[in-house]
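The values are calculated or read from the model by the stated rules, or taken from the named source; none is laboratory data. As the structure is a prediction and not an experimental result, all values here were calculated from the model. All Cβ positions, even for glycine, are placed from backbone atoms using ideal geometry, and neighbour counts span all protein chains on display. Only protein heavy atoms, including side chains, enter the accessible area calculation; ligands, DNA and RNA are left aside. Shrake-Rupley method; radii C 1.70, N 1.55, O 1.52, S 1.80 Å.
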Amino acid sequence: MSADHDSLPAQALALAASATCPAWLADYRARAQRALQDTAFPGRKAEAWKYTSLHALTQSAALAAGATVSRASVPADDLPPLDAWRVVFVNGRYDATQSSLPAGGELIVAPLVSLPDAEQAHARALLALTDTARLPFAALNGAAFADGLLVRVPRGATAGKPLHVVFHATGDAPATAQACLLVSVEAQASLTLVEQYTGHGDNLFTNAVTAIDLARDARLVHARLDFADHRQFHVGSLHLNLQGGSRCDAWQLMTGSRLKRTDLACTLNGAGAELALKGAWLVGTDEHADTQARIDHAQPHGTSDQSWKGLVGGNGKAVFNGRIHIHPGAKQTSAELVNNNLLLSADAEVDTKPELEIYNDDVKCSHGATVGQLNETGVFYLQSRGIARPDAELMLALGFVNAMVDDVPVPGLAGWVHGRFARWFAQRSGRPGGSR
Amino acid sequence: MLEIRNLHANVQGKEILKGLSLTIGSGEVHAIMGPNGSGKSTLAAVLSGRDGYEVTAGEILFNGEDITGLAPEERARKGMFLAFQYPVEIPGVSNLEFLKASLEQVRKAQGKDVWDAVTFMKKAREACTKVNLDQAFLKRGVNEGFSGGEKKRNEIMQMLLLEPALGILDETDSGLDIDALQVVAQGVNSLRDAGRSFVLVTHYQRLLDHIVPDHVHVLAGGRIVKSGGKELALELEEKGYGWLKDAAAAG
Ligand SMILES: Nc1ncnc2c1ncn2[C@@H]1O[C@H](COP(=O)(O)OP(=O)(O)O)[C@@H](O)[C@H]1O
Ligand SMILES: [Mg+2]
C-alpha cells in the first residue's frame with residue numbers, strides 16, 4: 001500500500017520531466033515542478049483525501065506515460081446538441097479539425113501552444129490563480145501540460161454564442177492527459193461556457209485544471225460536465241475568482257468513475273459578488289466521486305448559494321465536503337449550502353460534510369445535508385397510476401437529479417443531460433428500472 | 001364491481017381493519033364516513049395494494065377476481081383509481097411526463113389504443129379545463145408547490161383522463177372552497193355511468209349535496225357499523241358519530 005503510494009510522486013515527476021511546453025510558460029512550468037517536488041501526494045491520512053484512495057490510479061500504469069494518441073473524433077453521441085462555438089482537445093492536445101473558433105473580437109479563443117504574444121500575460125495571470133501549493137494534482141498539471149486553452153471576453157463584450165470546450169480522453173494504452181482551461185471574463189463582459197470531459201477506454205487518467213477570473217460586474221454561465229467512461233480516472237480542480245459585482249451561475253454535473261475527484265476553489269474577492277452553484281453526482285456500481293467545494297467569502301455583500309444532489313446506487317461511493325469560509329471583512333455575507341442524497345441500494349455510501357468557518361457576525365449562513373432513500377409514498381403514488389415499481393423508482397430518482405438542470409440557460413443542454421442521467425440509471429445504478 | 005368480504009388488515013403489525021365487508025355494484029356511488037382514525041384511508045390503501053398494508057384475512061373481489069395479491073400498478077391497470085387524501089409531490093417529473101407514462105400503461109393493459117402525442121395533449125388540456133386548472137400545471141413537477149386545492153383538482157384531472165371503472169376518492173373535498181368542491185363534483189358526475197362506480201370517503205355532508213350517493217356507510221373501529229341511504233349522511237351531520245361508536249365497541 002505505502003509502496004505504491006510512494007511511487008506516485010516519482011511517476012508524476014517522470015511524467016513532468018518528459019513534457020514540453022512553449023517557452024513563455026517556462027517560468028510557470030518551473031514553479032509547478034518545484035511545487036510538485038515539495039508537496040507530498042496525499043495519503044489516506046490527509047483529511048481532504050480521507051475517503052478517496054489513489055491506489056487504483058497508482059496501480060493502473062496510467063501515470064507512467066503521457067498520452068500519445070492525439071487524433072480521434074469525439075463520438076457525436078457524447079456531445080450535447082448546442083448552438084455553440086466548439087473547441088476539442090484530444091488527450092490534452094488541441095484538435096483543429098474538430099474545432100470551430102469564433103472570428104470576431106467579442107470572444108478570443110486560442111490554444112496555448114500558438115498563443116499570440118499579446119495574450120500571454122492574460123494566460124499567466126490566470127495560471128497564477130491555480131493553487132498548486134495546496135493541490136498536488138494542480139501542480140502536476142502545471143508541470144506536465146502540453147497545451148491548453150485561453151478564453152477571453154474583452155471588457156464590456158458579450159460572447160454571441162456559448163463556448164463548448166471538450167476534453168476527450170481515448171486510447172488503448174494506459175496514459176495520462178493534462179487538460180488546462182483558462183478563462184478571463186473582463187469587466188462588464190459576459191460568457192456562457194460549457195466545459196465537458198468525455199472519454200472512452202480503460203486506464204486513462206485525465207488531470208484537469210480550470211482557472212476562471214470574473215472581473216468587475218462580469219457575468220458567467222458555466223456548466224462543467226463529466227460523463228466520461230466509468231473505467232477512467234479523473235482528478236480536476238476549478239479555481240474561480242469573482243471580483244466586485246460579478247456573478248457566476250455554475251453547474252457541476254457528473255457521473256462517477258473508478259476515481260473521480262473534483263476540487264472547487266471559489267473566492268468571492270470583491271464586494272457584492274454572487275455565486276449560484278448547482279451540482280449533481282450520479283455514482284453507481286464500482287464508481288466513486290469525491291467533490292470538495294471550498295468557497296471563500298473574502299469581501300463584503302457577497303452571496304453564495306449552493307445546492308448539490310447525489311444519487312448513489314450499487315456499491316458506489318460519493319464523497320462531498322462543502323466548506324464555506326467567511327473572512328473577517330466579509331460583512332453582510334449570505335451563504336447557503338444544501339446537499340441531499342438518495343441511496344438506491346444498501347451498499348451505496350455517501351460521506352457528506354458541510355464545514356463552516358465564520359469570522360464575523362454580520363452574516364446569514366445556512367447549511368444542511370441529508371442522506372435518504374426513495375420516498376415510498378411517491379413510489380406508491382406512481383404505482384397507483386399504473387406505473388410499475390421499477391419505472392416508478394426510475395422516475396422518482398431521475399426527477400430528483402433532473403430538477404437540478406431544468407434551469408440551465410443553454411438551449412439543448414438540459415434535455416441532453418436528462419438523457420445521460422437516464423442512461424446512467426439503466427446501465428450503472430444497479431437498479432432494474434432502466435427498461436423504459 | 002367490488003366485493004369486500006370480512007377484510008382484516010394490519011399496518012406495522014397493528015390491526016386496523018377488523019372484519020370489513022362491503023359490496024359495491026356497477027354504476028353505484030357509495031359514501032364512507034366515519035371519525036378520524038377509524039381506518040378510511042387504510043381501507044383506500046389496502047384496496048389499492050399499498051406495500052406495508054397487510055391483508056391478514058378476508059378477500060377483495062374486483063369484477064369477480066381476488067386482487068389481494070396484485071401490485072398497485074396491476075390494480076390500476078384493471079381500472080382502479082385512488083384520489084389521494086394527500087397527493088404526493090414528485091419533483092423533477094412533469095405532470096405531462098407522468099400522465100403520459102400512466103396513460104400508456106393503463107390504456108395498453110386495457111386493450112385501448114394508446115394516444116398519439118397530439119391526441120394526448122388535446123385530452124390533457126381538456127381535462128385541465130374541466131377541473132379549472134391552468135394548463136401551465138401540465139409542465140410543472142407533479143403536485144410540486146401546488147396549493148391544497150390545486151393538488152385535489154390535479155387528482156380529478158388524472159381521473160378524468162384515466163376513466164377508471166372504480167374511483168376511490170379519499171377526502172378529496174377536505175380543504176376545498178365551494179367553487180373547487182363543485183369542480184370536483186362535476187368531474188365525478190361527468191364520469192358517472194352504469195359501468196363505473198365510486199367510493200367517496202368524506203367527513204362532510206356538503207359533498208354529497210353535489211354527488212348524490214346511492215349508499216352511505218359509517219366506518220368505525222375498522223369495520224362498517226352502519227349503512228343506509230343518503231339520508232344517513234344528514235343524520236350523521238346532525239348527531240355526529242358518538243351514538244355509533246358504542247355500537248362499534250359492542251360489535
Ligand atoms: N402507516 C401507518 N403506520 C402506523 N399507523 C398507521 C399508518 N397508517 C394509518 N395508521 C393508523 O391506522 C389508524 C387508521 O388511520 P386512517 O386509515 O388514516 O384513518 P382515517 O383515514 O379514517 O382518518 C390510525 O390509528 C392511524 O394512526
Ligand atoms: Mg384519512
With the stretch B:2-250 reduced to its Cα atoms and the Debye formula applied, log10 I(q)/I(0) at q = 0.08, 0.15, 0.17 1/Å amounts to -0.30, -1.08, -1.37
Measuring from its Cα centre, chain A shows a charge dipole (+1 at each Lys and Arg Cβ, -1 at each Asp and Glu Cβ) which, in debye to the nearest 20, is 180
Simple SL model, points at 7 angstrom along Cα→Cβ for B:Ala194 and B:Gln182; separation in nm is 3.1
For A:His168, other-chain or 5+-apart residues with amide H closer than 5 Å (H placed, Pro excluded) are A:Phe89, A:Val90, A:Asn91, A:Gly92, A:Thr198
Helix-only [θ] at 222 nm, the protein assembly as shown, -39500 (n - 2.57) per DSSP H run of 4+, per residue, nearest 500, equals -8500 deg cm²/dmol
For the stretch A:294-302, in residue order, the Karplus 3J(HN,Hα) values (coefficients 6.51, -1.76, 1.60; θ = phi - 60°; whole Hz; Gly and Pro = x) are 10, 10, 10, 8, 9, 10, x, 6, x
The long-range amide H neighbours of A:Glu274, using H built 1.01 Å from N in the peptide plane and a cut-off of under 5 Å, are A:Ser246, A:Arg247, A:Cys248, A:Thr303
Diffing the stretch B:117-126: the Karplus 3J(HN,Hα) column from phi (6.51, -1.76, 1.60, θ = phi - 60°), in whole Hz with x for Gly and Pro, holds 4, 5, 4, 4, 4, 5, 5, 5, 5, 4
Note: A:386-394 gets an average of partner chain Cβ contacts (10 Å, Cβ to Cβ) equal to 6
Probe 1.4 Å, all chains present, heavy atoms only: B:Trp243 accessible area in Å², nearest 10, is 80
Residue span A:Ala125 to A:Asp406: 0.36 nm per residue of separation minus Cα-Cα distance leaves a gain in nm of 97.7 nm
Spelling it out for A:Ser307: with amide H atoms placed in the peptide plane at 1.01 Å from N, the residues 5 or more places away or on another chain with amide H under 5 Å from its amide H are A:Leu277, A:Lys278, A:Gly279, A:Val338
By accessible area (1.4 Å), largest first, A:Ile212, B:Ile224 order as B:Ile224, A:Ile212
Quick calc, B:Thr23 & B:Asp66: beta-carbon distance into FRET formula, R0 22 Å, rounding 0.05, result 0.90
Here the whole-number average of other chain Cβ atoms within 10 Å per Cβ of B:83-90 is 4
Largest first and rounded to whole Å, the semi-axes √(5λ) derived from the alpha carbon gyration tensor of chain A read 31, 26, 23
Rounded to the nearest 10 Å², the accessible area of A:Phe233 using a 1.4 Å probe with every protein chain kept is 0
Here the FRET efficiency for B:Val212 versus A:Val338, based on Cβ atoms and R0 = 51 Å and rounded to 0.05, is 0.55
Interface A-B: total buried accessible area (1.4 Å probe, Å², nearest 100) of 2000
With every protein chain kept in place and a 1.4 Å probe, the residues A:Arg294, A:Arg31, A:Arg224 fall, from largest accessible area down, as A:Arg31, A:Arg294, A:Arg224
Length gained if A:Ala56 through A:Thr158 is fully extended, taking 0.36 nm per residue and subtracting the Cα-Cα distance, is 32.4 nm
So the FRET efficiency between B:Asn36 and A:Asp305, C-beta based with R0 = 41 Å and rounded to 0.05, is 0.50
Averaged over residues of B:72-78, the number of beta carbons from other chains lying within 10 Å of each residue's Cβ is 6
Rounded to the nearest 5, the percent of DSSP beta bridges in the stretch B:161-240 running antiparallel is 50
Between the modelled labels at A:Lys364 and A:Ala30 (7 Å from Cα along Cα→Cβ) the distance in nm is 5.0
On the accessible surface of chain A, probed at 1.4 Å with all protein chains in place, carbon and sulfur together account for a percent value of 50
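Starting from the Cα coordinates of the stretch A:167-247, work out the convex hull volume and express it per residue in Å³. Walk me through the numbers on the way to the answer.
Working: hull volume 5.3 nm³, N = 81.
Given the Cα convex hull of the stretch A:167-247, per-residue volume reads 66 Å³.
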Along the dipole axis of the protein assembly as shown (charges at Cβ: +1 for Lys and Arg, -1 for Asp and Glu; origin at the Cα centre), the most positive-end residue among A:Gln120, A:Ala96, A:Thr52 is A:Ala96
Descending packing, highest mean Cβ count within 10 Å first, for A:282-289, A:361-368, B:15-22, A:66-73 is A:282-289, B:15-22, A:66-73, A:361-368
Phi-derived 3J(HN,Hα) across the stretch A:307-319 with the Karplus relation (6.51, -1.76, 1.60, θ = phi - 60°), rounded Hz, x for Gly and Pro, is 9, 10, 10, x, 10, 10, x, x, 9, x, 9, 10, 10
Placing each pseudo-label 7 Å from Cα in the direction of the beta carbon, A:Glu47 and A:Asp77 end up separated by a distance in nanometres of 4.5
